[in-house]
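Asker: Here it is, the structure, as structure tokens.
The values are calculated or read from the model by the stated rules, or taken from the named source; none is laboratory data. No experiment lies behind these values; they were computed from the predicted model shown. Note that each Cβ is placed from the backbone with ideal geometry, even for glycine, and that neighbours are counted across all protein chains shown.
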Amino acid sequence: MPAVELLGELERAFATSLYPLRVPIAIGLVGAAVAFIWFAHRRGWFAAARRHPARTTVLGAFLIAVGAPIGWYLGSPLFIRTALVEPAPSIAPGPSSTVDPFPTDVPASAPASSAAPTAPRPSPSPEARTGTFTGADDFHFGRGRATLLETTPGSWVVRFEDFSVRNGPDLYVYLSPDPTGYAKGAIELGRLKATDGDFNTRVPPGTDVTGLKSVVIWCKQFAVQFAVAPLG
């Protein structure tokens, strides 16, 4: 199994099995750390490290050089948040409606200007579909709404509103043919713009959205689903 897939499996195992038990696990880790320090002291490891400061420094520098970048890449999304607020996309007016030249609600004695036809109002695309986000599990939370709407004929946008999701190292937005989440044939829309807010993501021109049934937040690096919004 490739290393990336293995990390993805480990991350899923953590989210489903370990994260719900995070409090007792944290207490256990603190206890284990205290026991290790006591054991190392009893064995004289700290004294040995003081007797060989050069070796100790090299070993410490190596562990930091290897562990710090990995730890930052995997752990920083847990506390880094980004927010973005964009105006809702404008919807192009539909075909001009025919105006009755003799409206029934205008008295016959009213001035001619009273019966003048009014300009047709733009209306949202009747094809717009909306869904509510849910997280994949307790760790991968997701909430808010996603709306797939047609701004001009053949041009589509996914609108995120009141949106929030657990941050991740490589989050992308997909339109999936499966209402439960990512599946073969899902269409990539690009990197997720922010973890929180109201914003728009364009659908690639020429995309046939007929069979697409959900908006998915997907960690591309580790192949892990974070959230899904089934489109009604």
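Asker: With the condition kept exactly as written, say whether any residue in the stretch 36-56 is modelled with pLDDT under 65, farther than 30 Å from residue 147 by Cα and outside the structural domain of residue 139 (by TED's automatic domain parsing).
Answerer: Filtering the stretch 36-56 down to residues modelled with pLDDT under 65 leaves none.
No: the stretch 36-56 contains no residue that is modelled with pLDDT under 65, farther than 30 Å from residue 147 by Cα and outside the structural domain of residue 139 (by TED's automatic domain parsing).
Asker: I'd like the full set of residues that are in contact with a strand residue (DSSP E or B) (Cβ under 6 Å, 6 or more places away or on another chain) and part of a strand (DSSP E or B), limited to the stretch 150-170.
Answerer: Those that are in contact with a strand residue (DSSP E or B) (Cβ under 6 Å, 6 or more places away or on another chain) and part of a strand (DSSP E or B): 150, 151, 156, 157, 158, 159, 160, 161, 162, 163, 164, 165.
Asker: Does residue 199 qualify as being under 16 Å from residue 88 (Cβ atoms) and touching a Leu at 6+ places or on another chain (Cβ under 7 Å)? Step through it out loud before you land on a result.
Answerer: Numbers: under 16 Å from residue 88 (Cβ atoms): yes; touching a Leu at 6+ places or on another chain (Cβ under 7 Å): yes.
Against the criterion (under 16 Å from residue 88 (Cβ atoms) and touching a Leu at 6+ places or on another chain (Cβ under 7 Å)), residue 199 qualifies.
Asker: If a residue must be in a loop (DSSP other than H, G, I, E, B) and either loosely packed, with under 15 Cβ neighbours inside 10 Å or not aromatic (Phe, Trp, Tyr) (or both), how many such residues does the stretch 122-149 contain?
Answerer: So in the stretch 122-149, the residues in a loop (DSSP other than H, G, I, E, B) come out as 122-128, 133, 136-141.
Going one step further and asking which of them are either loosely packed, with under 15 Cβ neighbours inside 10 Å or not aromatic (Phe, Trp, Tyr) (or both), we end up with 122-128, 136-138, 140.
Counting residues in the stretch 122-149 that are in a loop (DSSP other than H, G, I, E, B) and either loosely packed, with under 15 Cβ neighbours inside 10 Å or not aromatic (Phe, Trp, Tyr) (or both) gives 11.
Asker: Do you know which residues across the stretch 210-232 are β-branched (Val, Ile, Thr) and either surrounded by 16 or more Cβ atoms within 10 Å (Cβ to Cβ) or within 14 Å of the chain's Cα centre (by Cα) (or both)? Talk me through it step by step, then tell me what you get.
Answerer: From the stretch 210-232, those β-branched (Val, Ile, Thr) are 210, 215-217, 224, 228; that's our starting set.
Hits for the stretch 210-232 are 215, 216, 217, 224, 228.
Asker: Something else about it: Of all residues in the stretch 157-209 being β-branched (Val, Ile, Thr) and in contact with a Pro (Cβ under 8 Å, 6 or more places away or on another chain), which is surrounded by the most Cβ atoms within 10 Å (Cβ to Cβ)?
Answerer: That would be 157.
Asker: Only strands (runs of 3 or more DSSP E) wholly contained in the stretch 177-232 count here; list those with 1 or more residues that are under 19 Å from residue 82 (Cα atoms) and either free of Cβ contacts under 8 Å to residues at least 12 places away in the same chain or touching a His at 6+ places or on another chain (Cβ under 8 Å) (or both).
Answerer: Values: elements: 187-191, 196-202, 214-219, 224-230.
Because the criterion is at least 1 residues that are under 19 Å from residue 82 (Cα atoms) and either free of Cβ contacts under 8 Å to residues at least 12 places away in the same chain or touching a His at 6+ places or on another chain (Cβ under 8 Å) (or both), the strands (runs of 3 or more DSSP E) in the stretch 177-232 that meet it are 224-230.
Asker: Follow-up question, since we're still on this one. For the stretch 203-222, how many residues meet the condition of being under 16 Å from residue 139 (Cβ atoms) and modelled with pLDDT under 95?
Answerer: First, pick out the residues of the stretch 203-222 that are under 16 Å from residue 139 (Cβ atoms): 217-219, 222.
With modelled with pLDDT under 95 added as a condition, the list becomes 219, 222.
Qualifying residue count for the region: 2.
Asker: Which one of the conditions (1) of a type in the set (D, E, K, R); (2) more than 11 Å from the chain's Cα centre (by Cα); (3) closer than 16 Å to residue 159 by Cα does residue 193 fail to meet, given that it meets all the rest?
Answerer: (2)
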